[in-house]
Amino acid sequence: MKINKLENWNLQESNPLIIAGPCSVETPQQLEKTVEVLVNNGIRIIRGGVWKPRTRPNSFEGVGSPALSWIRDIKSKYGVKFAIEVASPQHVEEALQAGMDILWIGARSTVNPFTVQEIANSLKGVDIPILVKNPVNPDLALWIGALERIHHAGIDKLGAIHRGFSNFNDEIFRNSPTWQIPLELRTRYPELPLINDPSHICGRRDLISQISQMALDLNFDGLMIESHIDPENAWSDAAQQLTPYALSELLNTLETRFPTTDNPVLESQLEVIRQHIDDVDRDLLEMLSRRMRLVEKAGIYKKKNNVAIFQMERWKKVFESRQEWAKSLQVNPEFIKELFNLIHTESIKKQEEIISNKEKWEDRTMD
Ligand SMILES: O=C(O)C(=O)C[C@]1(C(=O)O)C=C[C@@H](O)C=C1
């Protein structure tokens, strides 16, 4: 994908890019009161939901088209740019007619290639920034597919929004951040602007600062944060919106990091540390290879003696003791749990290969 750099999008914005505003546009008064304080606090790009995809029926589904004329008035009175979500070609047409500056595709649309393609078709010949939220499920290919569809329609001011992923088990976040997915996207498309949406990840105000800082530490290009003049009485997402004052305080506490340092001394210190990391990684891999050879031996033994591959008692001991060892070595036991789960899966796979009589294992001895 050939992406136009964020600095060429004519958003005249700060670094990081900040987009803030209510979850939903509710009334002209609510919109104006919110925007007025946001603008006084330096925010130049406002977000606001016009059409709201809601999980349950009978929830507030957005004001719809009438909100567009209120937004138009606000844009001309305060000189702000405005971003809204679109979920159909009809939305795109109305949003463009109303002079919206940025459109985004929501998580529930990104999951559906038919919907994304219809939106993409309606964007042909249009020059407007489009941001694509991650799909609700942790599927990087689906996210990339949606970005490609929009890109193929001729959009080069293209960006991605990380809003987290639905997870039945997450007790902290409304949508699990699963940072490795946006980081993998960044690795594959370094030029693609990446914006974090801490409001939808957290689902609650008190965590937003922590996730925003994490996003900046991971070199995200911007933040999209929900802000409402009276969050407690918001018609949607009341628990996760911040007042414009609280937002301003939060933004003041955030620390911006740089992708690299220009200081040659610091750069060479980092280089030395990286060389050590390379050495340790090589040792780690050699150790893993040694472990794998032993697992193969155990596999050959199991095949010869007709013993089952999965050894629950032994595995429980391995699994638990490694976490204990991790604690005493100041390594996060949760991480070791995941690592050893992966290792065990690979052991089983390898022994399955041996037991299922693949020729190459036939003549192996046990030494
Ligand atoms: O102990 C064994 O039987 C092994 O084959 C090794 C191993 C492991 O990877 O540690 C692999 C599979 C078993 O379920 C238990 C443990």
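Tabulated data for the structure shown
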{"read-out": "In region 141-176, the residues that are closer than 19 Å to residue 18 by Cα and not basic (Lys, Arg)", "value": "158, 159, 160, 161, 162, 164"}
{"read-out": "Residue in region 17-32 that is under 21 Å from residue 156 (Cβ atoms) and in contact (Cβ under 8 Å) with a residue 12 or more places away in the chain present", "value": "yes"}
{"read-out": "Residue match in region 154-167 (condition: surrounded by fewer than 19 Cβ atoms within 10 Å (Cβ to Cβ), of a type in the set (A, V, I, L, M, F, W, C) and in the same structural domain as residue 223 (by TED's automatic domain parsing))", "value": "no"}
{"read-out": "Positions within region 268-312 being in a helix (DSSP H, G or I), under 37 Å from the mean Cα position of the chain (by Cα) and within 10 Å of the ligand (Cβ to nearest atom), in sequence order", "value": "291, 292, 295, 312"}
{"read-out": "Where residue 356 falls short, out of the listed (1) modelled with pLDDT of 95 or more; (2) exposed (fewer than 15 other Cβ atoms within 10 Å of the Cβ)", "value": "(1)"}
{"read-out": "Residues within region 133-177 that are closer than 20 Å to residue 226 by Cβ, in a strand (DSSP E or B) and more than 11 Å from the chain's Cα centre (by Cα), tallied", "value": "1"}
{"read-out": "Top-ranked residue in region 320-344 [being touching a Phe, Trp or Tyr at 6+ places or on another chain (Cβ under 9 Å) and either within 9 Å of the ligand (Cβ to nearest atom) or of a type in the set (S, T, N, Q) (or both); ranked as nearest to residue 292 (Cα to Cα)]", "value": "344"}
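The values are calculated or read from the model by the stated rules, or taken from the named source; none is laboratory data. Given the structure is predicted, the values throughout are model-derived calculations rather than measurements. Don't worry about glycine lacking a Cβ; one is built from the backbone with ideal geometry, like all the others, and counts go over all protein chains shown.
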